[in-house]
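The numbers here are math on the coordinates, done by the rules we state, and not lab data. No experiment lies behind these values; they were computed from the predicted model shown. All Cβ positions, glycine included, derive from the backbone under ideal geometry; neighbour counts span all protein chains shown.
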Amino acid sequence: EGQIPYLREKLSSLSEFMREIKVGFARYYNRRHNRRGYFWGDRFKSVIVDTGETLVNCLAYIDLNPLRAGLVDRPEDYRWNSLGYHLQTENKDQFLSTDFGLKEFNVKSSKERIRRYRRYVYEAGAINRQDKIQAQVIDAKVVAKERKKDFEISRISRFRYRTRYFTDSGIIGSKEFVA
């Protein structure tokens, strides 16, 4: 039981997670193919990011990736990013920080930080960058609707996000099994 904080820290660190994957797979691959050295050759880099605007920009970039890839229409619709996790689980077990780089701007309430961060992500996600032709942006109508609500999440929307997993399902099997 004394190892729980250590394991929680270790398993919630992206750098540690990537290191474990890289080292484990490289050892397996090298053993199997009788070679040595890095498999990915330094492809993953761990960068320390300061607080404030730099952190907010990095977080927004990450939260907008599923939208840019065309997987979702709204950033919080993707359950595996921070906005999706916060809205769908209300940050169960305090797994993620609710800081969003906004603490030093004297935003005390986590609900207010989430609202401000959503506003930032939506505004950044609505910018159509000419250099990224394939990248998708948040639809202007969606952004206008959110601006009207001042980026607040309604109780109904919050409920829908939290109960979504009841209806997210799939069937795996042959055509006969599925039919």
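Quick notes
- In segment 63-99, the chymotrypsin sites (Phe, Trp or Tyr not before Pro) that fall in loop regions by DSSP, at most 14 other Cβ within 10 Å: W80, F95
- Pairs of lysine residues in segment 47-166 - Cα separation under 17 Å, sequence separation of 8 or more or cross-chain: 4
- Multiplying the residue separation of A126 and R147 by 0.36 nm and subtracting their alpha-carbon distance yields 6.4 nm.
- In plain terms, the chain from S109 to L96 could stretch by 3.2 nm, reckoned as 0.36 nm per residue minus the Cα-Cα distance.
- Fully extended contour minus Cα-Cα distance, from Y6 to I21, at 0.36 nm per residue: 3.6 nm
- Taken along the Cα-to-beta-carbon direction at a fixed 7 Å, the label points for S13 and R158 span 3.4 nm.
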